[in-house]
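In what follows, a structure is listed as structure tokens, so that the remarks can point back to it.
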Amino acid sequence: MPNGTVLTMRGICKQFPGVRALNNVDFTLRSGEIHALMGENGAGKSTLIKVLTGVYEKDAGSIRMDGIEGEANIHSPQDAQEIGIATVYQEITLCPNLTVAENMYIGRGKGLLVRQKDYEKKAEEILRSLGIPARPRQQLASCSLAVQQMVAIARAVDMKCKVLILDEPTSSLDEKEVQMLFSLMRDLKSRGVGIIFVTHFLEQVYEVCDRITVLRNGELVGEYVIEQLPQVQLVARMMGKELSELNSMNEFGRKPMGSEEITYEAEQISSSECRPFDFRIRKGEVNGFTGLLGSGRSESVRAIFGADKVTGGRVKVNGKSVRITRPIEAMKNGIGYLPEDRKRDGIIADLSVRENIILALQVMKGFFRPLSRAEAEKFADEYIAALNIKTASKDTPIGSLSGGNQQKVILARWLLTHPDYLILDEPTRGIDVGTKLEIQKLVLKLAEENVSVTFISSEIEEMLRTCSRLIVMRDRRIVGELTGDDLNQNQVMKTIAGGEAS
Amino acid sequence: MTREAGKRKGGVGQLLIPLIAIALLVIFNLIRDPSFFSIETKTNNTGNTVLAGNLISIINGASELAILAMGMTLVTAACGGQDISVGAAAAIAGSVFVRIIRGAAPVTGGTVIGAFLACCAVAMLFGSFNGMLVAVFRIQPMIATLILYTCGRSIAYWINGGATPTIDSPITGAIGSFIPGIPVPTPVIIVAVMALLFSLTFRFTTLGLYTQAVGINESSARLNGINVTLIKLVSFIILGICVSVAGSIGVCRLGLINHETLLIDIEMDTILAVAIGGNSLGGGKFKISGSILGAYVIQMLTITLYAMKVSSTDVKAYKAIVIILLVVIGSPVVKRWFTKVIGNMRNARKIRGAAKEGV
Ligand SMILES: Nc1ncnc2c1ncn2[C@@H]1O[C@H](COP(=O)(O)OP(=O)(O)OP(=O)(O)O)[C@@H](O)[C@H]1O
Ligand SMILES: [Mg+2]
């Protein structure tokens with residue numbers, strides 16, 4: 001092994017039923033570098049990582065680690081941990097009903113008698129040094145998704161590792177938390193740790209990474225030093241074609257303002273999770289809720305859909321007073337909701353892609369009117385093609401799709417119900433650049449077809465591109481509403497931070 | 001599409017274990033006694049020509065178990081837990097059935113139907129009680145049903161005032177054994193009817209999809225508009241119907257109700273049938289046909305052991321051994337190991353083939 005290399009993977013192949021997830025892939029990691037692993041949804045990034053960490057057995061190829069004679073024997077995540085590979089997987093894999101400290105230390109210490117006090121103290125130190133706002137004895141479920149993500153990283157960091165793997169760790173973090181994570185990564189890098197970083201945020205790659213390896217359809221496209229691969233080229237390598245729209249995207253121009261008619265109107269609506277607020281959206285309008293994580297933006301839309309216990313308020317849909325306290329009532333009134341937490345609230349992992357796509361439509365049709373198999377297959381085929389969902393077949397369980405493709409299936413589910421008002425909470429989370437644009441365009445197209453859309457995203461630019469009105473939230477309250485010329489990054493940041501709203 | 005994906009689509013894979021188990025038991029018995037499964041016709045004491053033989057008594061004897069296993073599958077899938085009160089509830093249902101039959105002076109077809117409907121209603125009521133505890137109060141199914149498991153047979157005792165009364169009407173007799181002119185045992189026909197009802201329910205309603213959705217991810221199911229509480233409740237109510245059918249068959253077979261022994265210990269066999277059928281006891285995806293096969297596996301095993309003159313106390317121990325084997329073989333760990341071994345063998349063959357060509 002050449003000097004400075006901590007890890008080499010050569011000729012890795014991995015086949016799943018109906019998919020060749022990895023085909024002869026090479027990967028090299030040097031110590032003290034941050035190495036981005038890039039590719040479209042379903043390119044094989046997570047699979048490569050899971051082969052490295054022993055979650056999957058590779059079909060062929062070899063893995064070598066610095067300091068180990070011959071091939072590294074990795075057959076389980078424990079094996080990987082023991083030789084110094086620490087991992088934060090794409091989907092959080094902690095136990096929500098244990099405490100933060102327990103989550104950081106379960107399955108670790110060799111001895112059976114690990115003193116609770118000891119590890120709680122150690123956890124406290126690490127959390128403090130990383131600036132993670134969680135207490136060791138707090139139950140994990142009571143932390144926000146972002147904090148849970150940070151805890152997963154803290155767990156990995158504490159294991160004296162040579163290789164740290166982060167699979168889309170930033171997809172649910174806000175700007176400040178991302179910076180916190182980056183400084184942590186740079187710190188580890190300076191101590192000689194090699195870091196593998198998977199993300200769909202191109203700016204982040206250029207901010208922290210030294211090298212990029214690109215995968216496409218399970219094959220290696222190439223390895224590049226960051227300076228030699230400008231962003232446009234990176235995208236081209238990932239997609240296998242030029243993405244000419246990337247630049248023109250900013251000039252989307254006409255933003256759908258909607259017509260005069262009001263699709264949905266709520267007065268003083270409140271739920272167990274959010275304070276009373278007023279809200280209305282016009283036919284064909286795209287609006288957004290923005291604010292930091294935990295500002296109450298997700299809770300607000302959940303109240304609209306009846307996802308949490310609705311505690312008050314008057315609601316009108318298309319001018320008629322209606323009662324919406326449960327999801328089914330919202331659906332019957334033409335409202336669709338793509339939830340923020342895909343794994344917890346979106347997918348039904350063991351059911352097929354087909355069943356996952358038709359689920360909401362089926363529920364709306366009713367208990368005694370099941371869709372025929374032929375109808376279901378037709379819908380599934382239609383949306384798999386329309387959204388370009390990468391799956392071995394429509395009978396594949398959704399749980400075995402790549403993260404981004406799972407998200408597309410959930411999106412398909414709601415498009416299929418042809419809602420009048422569609423609420424999208426972080427629809428582009430975990431979605432590759434090309435598809436992100438597709439989804440933004442889809443939202444604009446829906447608006448043209450007179451669908452009202454609420455679009456929530458942690459990426460403000462994405463919202464600025466699509467929304468004609470932004471509702472800004474802070475501390476679970478609406479603190480401003482921006483339209484027209486106020487719709488720019490500065491003004492949004494200022495309002496979020498507590499400056500004067502216009 | 002590869003072969004494996006094709007297999008998953010058909011879903012036959014899940015039935016492999018019970019089918020293999022049945023095949024092994026059949027072969028074992030045939031070696032032991034080539035005439036073991038021979039079916040003969042004979043004339044029974046009411047003058048009917050009927051089918052008889054070990055095979056018939058296995059299929060017939062498994063009827064109550066098979067019916068309970070169907071309902072249990074649904075509860076397991078929706079709630080991720082099991083109802084351990086089915087035996088006790090069946091004793092209650094059977095007692096109600098007997099009490100109404102005995103209350104009628106001439107027992108007509110109408111009386112029997114009325115008695116069945118009444119015991120069905122009672123069983124559904126107890127089912128809803130269990131269901132409420134599980135779906136509304138979110139108590140673990142095993143804990144929730146422990147209540148009825150404990151007190152069910154006492155309730156059954158009260159219904160007939162502590163006696164073990166008999167019923168001897170030709171109609172109930174026919175339900176428990178043979179209908180004149182039909183050579184197939186009536187319980188077997190009832191199992192077929194129940195299986196048909198289940199498959200029609202799954203065909204003409206979305207119960208199957210909803211139940212699996214609830215069992216796999218409750219939160220997602222709710223956000224897709226499914227009434228999670230209702231689905232869990234319904235699963236227990238349907239199990240209640242199964243309990244009343246099994247209980248009625250049980251008393252008709254014996255011609256009396258003994259609240260202490262009717263379908264005693266059947267809850268564990270029922271749960272095992274569900275597991276042997278390849279269904280996850282943690283809920284989610286399910287296959288009713290698997291559970292029915294599972295019931296027949298258990299009964300075939302029991303009859304085989306009796307035929308081998310194993311004493312009834314020892315039967316339980318032998319059964320346990322076989323069941324452990326079946327469950328372990330069906331476990332994901334062993335399955336993964338098998339796929340790996342098979343894969344390695346294929347690779348080895350390929351390499352050897354290549355080497356030969358080289359020479
Ligand atoms: N357990 C599995 N069973 C079957 N197929 C799988 C499994 N895991 C992954 N795949 C398939 O392998 C391919 C690569 O998936 P992978 O998760 O590695 O993609 P990815 O690059 O991480 O994508 P994303 O950016 O969406 O997370 C996909 O087509 C996926 O459907
Ligand atoms: Mg991935």
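The values are calculated or read from the model by the stated rules, or taken from the named source; none is laboratory data. Bear in mind the structure is a predicted one, so any value in this text is a computation, not a measurement. Neighbour counts are summed over all protein chains in view; Cβ atoms, including those assigned to glycine, are modelled from backbone coordinates with ideal geometry. What goes into the accessible areas is simple: the full protein's heavy atoms, side chains included, and nothing from ligands, DNA or RNA. Shrake-Rupley method; radii C 1.70, N 1.55, O 1.52, S 1.80 Å.
In chain A, the C-alpha radius of gyration followed by the widest Cα-Cα span (Dmax) gives 23.3, 73 angstrom. Charge dipole of the range A:326-421 (Cα centre as origin; +1 on each Lys and Arg Cβ, -1 on each Asp and Glu Cβ, all else neutral): 60 debye, rounded to the nearest 20. For chain B, the spread of Cα coordinates along the three principal axes comes to 91, 57, 38 Å, biggest extent given first. Counting only Cβ charges, +1 for Lys and Arg and -1 for Asp and Glu, the dipole size of the protein assembly as shown around its Cα centre is about 1680 debye. Accessible surface buried by the A/B pair amounts to about 2500 Å², both sides summed, 1.4 Å probe. In the protein assembly as shown, taking the dipole from charged Cβ atoms about the Cα centre, the farthest positive-side position among A:SER452, A:ALA360, A:PRO276 is held by A:ALA360. Return one number: the angle in degrees, 0 to 90 and rounded to the nearest 10, between the long axis of the Cα atoms of helix A:373-386 and the longest principal axis of the Cα atoms of chain A. The angle comes out near 70 degrees.
Contact residues in the range A:12-35 by the 20 Å² criterion (accessible area, 1.4 Å probe, full protein complex versus chain alone): A:PRO17, A:GLY18.
Screening chain B for whole DSSP H helices of 20 Å or more along their axis (Cα) with average Kyte-Doolittle hydropathy at least 0.5 returns B:16-32, B:63-79, B:86-103, B:109-135, B:141-159, B:186-204, B:228-254, B:288-307, B:312-329. Mind checking which of B:THR73, B:THR304, B:THR261 has the largest fluctuation in a GNM of chain B, springs on alpha carbons under 10 Å? The residue that fluctuates most here is B:THR261. For chain B, a crude dipole built from +1 on the beta carbon of Lys and Arg and -1 on the beta carbon of Asp and Glu, taken about the Cα centre, is about 1580 debye to the nearest 20. Taking the alpha carbon gyration tensor of the range B:47-111, multiplying each eigenvalue by 5 and rooting it gives semi-axes of 28, 23, 9 Å, largest first. Normalise the Cα radius of gyration of the protein assembly as shown by 2.2 N^0.38 Å (N = residues in it) and let me know the number. Relative to the rule-of-thumb radius for its length, the protein assembly as shown sits at 1.09.
Ligands, DNA and RNA left out, the accessible area of chain A computed with a 1.4 Å probe is 47% carbon and sulfur. Ranking B:VAL193, B:ALA121, B:PHE338 by Cα position along the charge dipole of chain B, where only Lys, Arg, Asp and Glu carry charges on their C-beta atoms, puts B:PHE338 farthest toward the positive end. For the segment B:206-214, counting C-beta atoms of other chains within 10 Å of every residue's C-beta and taking the mean gives 5.
Excluding ligands, DNA and RNA, the accessible surface per residue across the protein assembly as shown is 44 Å² with a 1.4 Å probe. Per residue of A:364-376, other chain Cβ atoms within 10 Å of the residue Cβ number 3 on average.
Under the shape rule built on the C-alpha gyration tensor, where the axes satisfy a ≥ b ≥ c, the range B:33-167 is oblate, since a/c reaches at least 1.5 while a/b does not exceed b/c. Taking each of A:LYS45/A:LYS390; A:LYS14/A:LYS436; A:LYS394/B:LYS335; A:LYS14/A:LYS45; A:LYS378/A:LYS408 in turn, the alpha-carbon distance tops 20 angstrom for A:LYS14/A:LYS436; A:LYS394/B:LYS335.
Measuring nothing but alpha carbons in the range A:338-418 and taking Rh as the Kirkwood radius, the Rg to Rh ratio lands at 0.93. Which angle between 0 and 90 degrees, to the nearest 10, do you get for helix A:116-130 versus the longest principal axis of chain A when only C-alpha atoms count? For helix A:116-130, the angle is close to 70 degrees. Put +1 on the Cβ of every Lys and Arg and -1 on every Asp and Glu Cβ in the protein assembly as shown; which of B:TYR296, B:PRO18, B:ALA163 then has its Cα farthest towards the positive end of the dipole? The one lying farthest along the dipole's positive direction is B:ALA163. Working ranking of peptides B:21-27, B:222-228 by packing, defined as the average number of other Cβ atoms within 10 Å per residue, highest first, is B:222-228, B:21-27. For A:GLU175 and B:VAL26, the FRET efficiency from 1/(1 + (r/R0)^6), where r spans their Cβ atoms and R0 equals 45 Å, is about 0.10. What is the distance in Å between the Cα centroid of the range A:429-492 and that of the range A:278-310? Answer, in whole Å: 12. Per residue of peptide A:330-338, the mean number of Cβ atoms on other chains within 10 Å of the residue Cβ is 1. The residues B:TRP337, A:TRP414, sorted by heavy-atom accessible surface at 1.4 Å with ligands and nucleic acids left out, run B:TRP337, A:TRP414 from largest to smallest. Residues A:GLU82, A:GLU329, B:GLU64, A:GLU219, ordered by accessible area of protein heavy atoms at a 1.4 angstrom probe radius and largest first, appear as A:GLU82, A:GLU219, A:GLU329, B:GLU64.
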